[in-house]
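The values are calculated or read from the model by the stated rules, or taken from the named source; none is laboratory data. On a predicted model such as this, the values are computed, not experimentally measured, just so you know. Cβ coordinates were reconstructed from backbone atoms using ideal geometry, including for glycine residues, and neighbour counts include every protein chain displayed.
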């Protein structure tokens, strides 16, 4: 290109002997600039995402102070004693929107499990694989406990709280040095990866000293419990609202929400009371009952969730305090149900029920949550004696077929 340019310039100078040299110099400058622009190196292409984990068998990950890791955290490896569940890193707050699975890691942020697009065990020669993307959110998570996560409006709603039984209202004692806790107790993530918008649907209550303690959906509404802890007593307030993330998903920012309505404690508890498993109708009810039956006699206290944001409790019989926990995930194609010991039932209409095991994550581990997306299933696990956690993390495995 440079030789070609030189020939053009020299030819122009030779032909136009009577023309001013400045004219030909201008022509040369223009052509030289064009040449350099054409010869400049193109900016490097953004590398394609790497999916390092094959989804062909269960894989164990650990929750740590820096997110999810394949290696045992240093504190656990050294034999250090566990911490209260509200302080210890764990990944037991799971959710999914059907595309990605997220885990809210205590005190740190969000870990997103993302599968390679288009991979299918049955239909594609590409082996299913996944990657884990960490999103640290210290301004929101530090010093607080993750309590819940739900897919809402194309993103995820995450609730956090301060443990009133181990922490002072103003600052967390386990951080060195202690510093004021973030005021935000709700965050909205625009998808599985990225920054979070703080939400303040209870701003007026917070101005009076109340903090969000619990938040759960039921029958199309959200129900919240707020606390104000004093030296001698704790005042409670119960509220209901249509959508804690109203305004944020639409792009208005700032966490604008429909005004909460104060309700009584009786109404709050009634809204969240476990329902009879027999009351769940349709194919979803049939699939859940089939999966539960494969897990044993029970009685079972079932937490049923889905990628559409559903989150309900069902009781197969007896009293809730006497029932064993089961974690269920409803999919368009069927139902998954997980026992704490790792046995997983998969029930699909027309294809019966399959029983498999996720194995033992680490010796003594108990599973505490379940979520699925695409060809992947994730189950949270913990070890330790209540109220402490020694180790915690996720098992990620291929979806049972």
On the given criteria, is residue 288 closer than 26 Å to residue 104 by Cβ, part of a helix (DSSP H, G or I) and assigned by TED's automatic domain parsing to the domain that holds residue 151? yes
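When only residues in region 173-189 that are modelled with pLDDT under 75 and surrounded by 20 or more Cβ atoms within 10 Å (Cβ to Cβ) count, which is farthest from residue 155 (Cα to Cα)?
This residue is 181.
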Could you tell me whether residue 147 is more than 27 Å from residue 116 (Cβ to Cβ) and modelled with pLDDT under 75? no
Filter region 333-365 down to residues that are part of a strand (DSSP E or B) and either touching a strand residue (DSSP E or B) at 6+ places or on another chain (Cβ under 6 Å) or over 22 Å from residue 297 (Cα atoms) (or both), then give me how many there are. 16
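So that you can scan it fast, the table gives a plain yes or no per residue for (1) surrounded by 14 or more Cβ atoms within 10 Å (Cβ to Cβ); (2) in the same structural domain as residue 218 (by TED's automatic domain parsing); (3) touching a helix residue (DSSP H, G or I) at 6+ places or on another chain (Cβ under 9 Å); (4) in contact (Cβ under 8 Å) with a residue 24 or more places away in the chain:
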site	(1), (2), (3), (4)
326	yes, yes, yes, yes
329	yes, yes, no, yes
346	yes, yes, yes, yes
351	no, yes, no, no
Among the candidates 281, 230, 253, residue that is modelled with pLDDT under 90 and either at negative phi or outside the structural domain of residue 155 (by TED's automatic domain parsing) (or both): 230
Report every pair of residues separated by at least 6 positions or lying on different chains whose Cβ atoms are under 6 Å apart, first residue within region 224-243 and touching a residue at least 60 places away in the same chain (Cβ under 8 Å), second buried (at least 18 other Cβ atoms within 10 Å of the Cβ). 227/211; 227/213; 234/227
